[in-house]
Amino acid sequence: MTKTLFGLAIGSAALAIASVAAPDFSQAQSPPEQTGTLGEPVLLELFTSQGCSSCPPADRLSAKLAREDSLVVIARPVTYWDRLGWKDTLARKDNTNLQRDYARRGLAGYNGVYTPQLVVDGELGQVGSNERVNRRHIALARGSQSAAIRIKPAGGLGYGIGLSGTAEKPAELVLMAVSSEESVAIGRGENGGRRISYTNVLLDEKVLARWDGGTASVELRQDRLTTPGADAHALVLREPNGGRVLAARWVR
């Protein structure tokens with residue numbers, strides 16, 4: 001069964017920087033008047049746990065979704081099921097805190113603190129293994145972002161980042177470092193004896209800049225892309241403390 005922090009069952013087995021040269025953003029920072037027409041990538045955050053027997057189907061779905069270029073999929077393993085007999089080797093307290101912040105603010109769809117939960121652009125929550133409903137949420141989010149991120153390599157020294165769009169409240173540009181694939185042999189707990197694969201596991205995140213809307217340029221130095229174990233990075237423009245996601249993009 002899908003598991004909640006409050007111990008509720010939810011359904012059946014379907015639920016169990018050295019400076020970089022500043023690039024020219026005169027083009028990148030001028031999106032059409034209706035930013036939503038850009039079709040910006042959609043951020044998916046999967047709250048999962050090695051101690052949750054309902055999570056492996058959601059972990060597999062996130063791996064499938066991660067192959068789509070229009071999605072930025074991030075796995076956020078949580079800590080609160082460690083008490084069931086197996087300490088999640090990938091879990092971060094910050095992931096647990098963000099999920100609780102989302103629940104306090106209130107998500108459309110299926111709100112609450114539970115695993116597996118897939119959160120779409122910080123607005124819509126649903127059981128992470130429900131592909132049909134989550135694809136509907138993705139379709140609702142697609143084209144509705146109020147901002148855009150543009151990335152331009154800066155001669156091997158890093159990247160120049162262009163931000164544009166509107167913000168209802170101050171937002172943060174966050175750099176996320178991830179491991180694109182992790183395989184874990186789980187020794188105890190509900191998944192004891194299984195080896196489970198995880199996709200785009202968050203290892204670290206740092207706020208690079210504050211943004212109040214309009215156009216802005218941010219330098220991303222190469223030395224910021226050195227988190228041990230990370231082989232991919234994403235940029236997310238979001239309101240702090242579990243707020244809305246305004247834009248997201250892989251650093252490529």
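What follows is calculated from the coordinates using simple rules that are stated; it is not laboratory data. What you see is a predicted model, and the numbers here were worked out from it, not measured in a lab. Cβ coordinates were reconstructed from backbone atoms using ideal geometry, including for glycine residues, and neighbour counts include every protein chain displayed.
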- line: Label model pair Gln222, Ala108: point-to-point distance (7 angstrom along the Cα→beta-carbon line) in nm is 4.3 nm
- request: Extending each Cα 7 Å along its Cβ direction at Asp204 and Lys152, get the distance between those two points in nm, one decimal.
  value: 2.8 nm
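Quote the charge dipole size of the stretch 190-252 about the Cα centre in Debye, to the nearest 20; the model charges only the Cβ of Lys and Arg (+1) and of Asp and Glu (-1). Please report the intermediate quantities before stating the final value.
Numbers: 10 positive and 8 negative charges, 30 e Å.
Dipole size: approximately 140 debye.
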statement: Cα pairs beyond 17 Å in the stretch 43-134, in percent, come to 43 percent
field: Label point 7 Å beyond Cα of Glu131 along Cβ direction - residues of the stretch 56-71 with amide nitrogen under 14 Å
entry: 57-68
task: Go ahead and run the numbers for FRET between Asp94 and Asp231, Cβ-Cβ distance against an R0 of 22 Å, rounding to 0.05.
output: 0.65
message: What does the extension gain come out to for Ala139 and Ser70, with contour length at 0.36 nm per residue minus their alpha carbon separation?
response: 23.7 nm
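What number in nm² do you get for the stretch 79-226 if you take the convex hull of its Cα atoms and divide its surface by four?
Values: hull surface 42.0 nm².
Over all viewing directions, the stretch 79-226 projects a mean Cα-hull area of 10.5 nm².
Can you tell me the order of 119-130, 53-64 when each peptide is scored by its average per-residue count of other Cβ atoms within 10 angstrom, highest first?
On the way: 119-130: 24.1, 53-64: 21.3.
Result, highest mean first: 119-130, 53-64.
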- request: Between Thr215 and Arg83, with labels modelled 7 Å along Cα→Cβ, what's the label distance in nm to one decimal, could you check?
  value: 5.3 nm
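Can you give the FRET efficiency for Ile196 and Thr166, using 1/(1 + (r/R0)^6), R0 = 45 Å, r = Cβ-Cβ distance, to the nearest 0.05? Can you show the working numbers first?
On the way: r = 41 Å, r/R0 = 0.90.
Result of the calculation: an efficiency of 0.65.
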